[in-house]
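Working notes, beginning with the structure itself.
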Amino acid sequence: MTRRLNSYSKEKYIHILLRSNLNHSLFIDSNDYNNFLRFLKTKQNQYRFQTLGYALFPSHIHLILENTSNVSFSTILHGLQLLYSKYYHNKYNTSGSLFGSGYKKEVVNSNKDLICHLRYIHQKPKRHGLSQTLHYPYSSYFLYADPTLETFIHRSTLYRLFDQHNDKVASNLFKGIHHEIDTSDVLDISNNLYQKVAIAKKILKEELICYDIEYTSIKSNYNFRENLILKISNESELTHQEIADLLSISRHIVGRIIRLNHSN
């Protein structure tokens, strides 16, 4: 479980689960969550690995990391837990083992699986009633949802899977994947949904090039916007919300255009 990962390791991406000792609370207030993330950034700078995603919960932590360091993940996690435990014990005048022994990990073997694991940890707060939306303050979802925010998260790895050049388009496609709610613990993603998003992305790119229109001009170019929405709806079968996310427009606009077209 904790063997050394070197530069020749095949475990490029890894999903890690850290649990508290005896299910005690790891985080009491927002400062605790924020300090844990600060320590994670410190270790990232020290060991030169990449953090691709996270979700922090009162009794456990999900991390998705990329192996860009010769240091083992066990060394990285041990240092991270020591930093946070020292902070926690000093703040709350406690002692003893804050984290449970060891950690669980799952190797992520493909780009598709990487998207699955990120979607899983980002949806978990909503599934478990900790947040009414995906914008849980202690997961990396909101950082992917807004590419203008500064972050130590290495977003480009995921963004490049959706669009090589435009972070805004990549972000919207990434958000679209998250609208398919997986209520099980199986880390899987529908091939059908993945294919529909790819089709929609191809249509968007081709139409923008054909009509020489910038992505940011879609909202103001009403005729182009209407035709684009109908084309994506007919050929990709994305939901109204997924199309809205892709084009950065209101779901109600998408629904109205599609309904009016079907009524004619």
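Just checking: which of the helices (runs of 4 or more DSSP H) contained wholly in the range 192-264 hold 3 or more residues that are under 21 Å from the mean Cα position of the chain (by Cα) and within 18 Å of residue 174 (Cα to Cα)?
240-247
Within the set of pairs 6 or more residues apart or between chains, which connect a residue that is among the charged types (D, E, K, R) and at pLDDT below 95 inside the range 51-77 to a residue that is in a loop (DSSP other than H, G, I, E, B) and buried (at least 19 other Cβ atoms within 10 Å of the Cβ) with Cβ atoms less than 8 Å apart?
Cβ pairs passing all conditions: 66/49.
Just the residues that are over 20 Å from the mean Cα position of the chain (by Cα), surrounded by fewer than 20 Cβ atoms within 10 Å (Cβ to Cβ) and under 20 Å from residue 129 (Cα atoms), please, taken from the range 27-69.
28, 29, 30, 59
Does the range 17-46 hold any residues that are β-branched (Val, Ile, Thr) and either in contact with a strand residue (DSSP E or B) (Cβ under 9 Å, 6 or more places away or on another chain) or over 18 Å from residue 93 (Cα atoms) (or both), and which are they?
42
Just to verify a result, which residue in the range 138-177, among those that are of a type in the set (S, T, N, Q) and either surrounded by 22 or more Cβ atoms within 10 Å (Cβ to Cβ) or touching an Asp or Glu at 6+ places or on another chain (Cβ under 6 Å) (or both), is farthest from residue 68 (Cα to Cα)?
Among those residues, the one meeting the criterion is 172.
Checking the structure you have, find out if any residue of the range 100-121 is touching a helix residue (DSSP H, G or I) at 6+ places or on another chain (Cβ under 7 Å), crowded, with 16+ Cβ neighbours inside 10 Å, in contact (Cβ under 8 Å) with a residue 60 or more places away in the chain and more than 29 Å from residue 156 (Cα to Cα).
The answer is yes; a qualifying residue exists.
The values are calculated or read from the model by the stated rules, or taken from the named source; none is laboratory data. Since the structure is predicted, the reported quantities are computational estimates derived from the model, not experimental observations. Note: ideal-geometry Cβ built from the backbone for every residue, glycine included; neighbour counts use all protein chains shown.
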